Amino acid sequence: MKKNNRIIQFFLISIGFLLIAATYFIYPNIKENKALKETAKEKNEKILSGKTINTFENVEYKGLYNIDKPFSVQSKKALINEEDPNIIHMDNMKVILHLKDNRTIIITSLKGSYNKVTHDCYFVSEVRATDGEIVVLADNLDLLASEDNATVYNNVTLTSENGSLIADKVDYNFEKQYYKISMFNDKKVKIKLIE
């Protein structure tokens, strides 16, 4: 009976020490971390409020790249920061490219940015690119007008009537219609061909 009482007493004392430690050491650290996060959030809001940000809806930019190829960049909502007015941050971004061989490429994403000077586009989140025959889905796509190619990366899935592939990164040259497919960390590319 004494042995059982000692076990119970030891158990109760351990719980008491655990409660004291939680009350005086663990809980204050949690509360302090929460306060630090709130302070960081307030600082970010102050920084953003110090900048002039212009908001536009249903925006469209049209132009030519490589002198003879028309394109348009559309967005449901666009933000322009006065510190860098050449970069347009966009929600529900859509780019339409018309190529020499009469193909039309449509690229969409939830978010992205467009550089008015270089015509470079950066797509982020739920990226979808298609020319009517091939569909590419990914997390990111960089369309560099100066290099005449696109880099698609992070969770890339490419599907066509000939099959499909899954990769980490695909570089695509519009003029040569050439794909360079790679994986991060030397993993194997998964390809399924249909005959």
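On average, how much accessible surface per residue is there in region 66-130, in Å², for a 1.4 Å probe, leaving out ligands, DNA and RNA? Spell out each step's value before the answer.
On the way: 3310 Å² over 65 residues.
Per residue, region 66-130 has an accessible area of 51 Å².
In whole percent, how big is the carbon plus sulfur part of the accessible area of region 89-162, probe 1.4 Å, protein atoms only? Could you put the intermediate results ahead of the total?
Working: 1740 of 3600 Å².
Ligands and nucleic acids excluded, carbon and sulfur reach 49 percent.
Between Lys100 and Thr157, what is the spin-label point distance in nm, taking each point 7 Å from the Cα along the Cα→C-beta axis?
About 3.4 nm separates the two model spin labels.
Rank by packing, highest mean first: peptides 83-91, 7-15, with packing defined as the count of other Cβ atoms within 10 Å averaged across residues.
Per-residue mean Cβ counts within 10 Å order the peptides as 83-91, 7-15.
Net charge around Ala145, counting only other residues with Cβ within less than 11 Å of its Cβ (Lys, Arg = +1; Asp, Glu = -1)? Before the final figure, lay out each step's value.
Values: positive: Lys69; negative: Asp120, Asp142, Glu147, Asp148.
Local net charge: -3.
Extension gain Phe56-Leu144, at 0.36 nm per residue separation less the Cα-Cα distance, in nm? Spell out each step's value before the answer.
Values: separation 88, 0.36 × 88 = 31.68 nm, distance 2.40 nm.
Using 0.36 nm per residue and subtracting the Cα-Cα distance, I get 29.3 nm.
Using amide H atoms built 1.01 Å from N in the peptide plane, name the residues 5+ places from Ala145, or on other chains, whose amide H lies under 5 Å from its own.
Those qualifying (amide H under 5 Å, at least 5 residues apart or on another chain) are Asp120, Cys121.
Could you tell me which of the pairs Lys116/Lys169; Lys76/Lys180; Lys76/Lys176; Lys77/Lys180 are separated by over 29 angstrom between their Cα atoms in the structure shown?
Working: Lys116/Lys169 26 Å; Lys76/Lys180 32 Å; Lys76/Lys176 32 Å; Lys77/Lys180 33 Å.
Violating the 29 Å Cα-Cα cut-off are Lys76/Lys180; Lys76/Lys176; Lys77/Lys180.
Based on the mean of other Cβ atoms within 10 Å per residue, sort peptides 69-75, 109-115 so the most packed one is first. Don't jump to the answer; show the numbers that get you there.
Numbers: 69-75: 18.0, 109-115: 19.6.
Final packing ranking: 109-115, 69-75.
The values are calculated or read from the model by the stated rules, or taken from the named source; none is laboratory data. All figures in this text were calculated on a predicted structure; none of them were measured in a lab. Cβ coordinates were reconstructed from backbone atoms using ideal geometry, including for glycine residues, and neighbour counts include every protein chain displayed. Protein only, heavy atoms only, side chains kept; ligands, DNA and RNA dropped before computing areas. Shrake-Rupley method; radii C 1.70, N 1.55, O 1.52, S 1.80 Å.
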